[in-house]
Each structure stands twice: as structure tokens, then as C-alpha cells.
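Just so it is clear, none of the values below were taken in a lab; they were calculated from the coordinates. Remember, predicted model here, so these are calculated numbers, not experimental data. We place every Cβ from the backbone using ideal geometry, glycine too, and count neighbours over all the protein chains shown.
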């Protein structure tokens, strides 16, 4: 189930650590925090993205990035 879909605010530089914040331009909730350790570098300016509920977890999918990452609401 898609929870939020739209553009991420500013520069996206990939997944870094459990404190990385991803902010959507619109919708609620707007801010999500990376909930698992995963490092993947990918630069994109204001990419399209979505948070999908998969079982009991929320996964962030970013256009152009092959891997998703678990997130939690900020």
C-alpha cells in the first residue's frame, strides 16, 4: 500500500545511516527517517519517490535507485 508519493525536497544523495532524513514536498507525513543501516550513493535533484507499506515495514523507493530502504515516520 502506497503511503505517500511525490518529489523529495532538495538534493538526494542516497542512503547513509539511521539518521538520514527524507522530506517530501507535499502530503502527510512529509518527513521520514532511515530505519536501517544501508549505504548507497546516488545523486539526484528532487527525485520522484514513494513510501510503501510492506508487511509491518515502510520502504522508501526512489526513482532511478535499484534498492529500497526501510524508513520510519519522523
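The table below lists the values:
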{"item": "For the stretch 17-56 versus the stretch 60-74, the gap between their alpha-carbon centres in whole angstrom", "result": "5 Å"}
{"item": "Equivalent ellipsoid semi-axes - Cα gyration tensor, the chain, angstrom", "result": "16, 15, 11"}
{"item": "Residue 25-residue 40 pseudo-label distance in nm [points 7 Å out on the Cα-to-Cβ vector]", "result": "2.3 nm"}
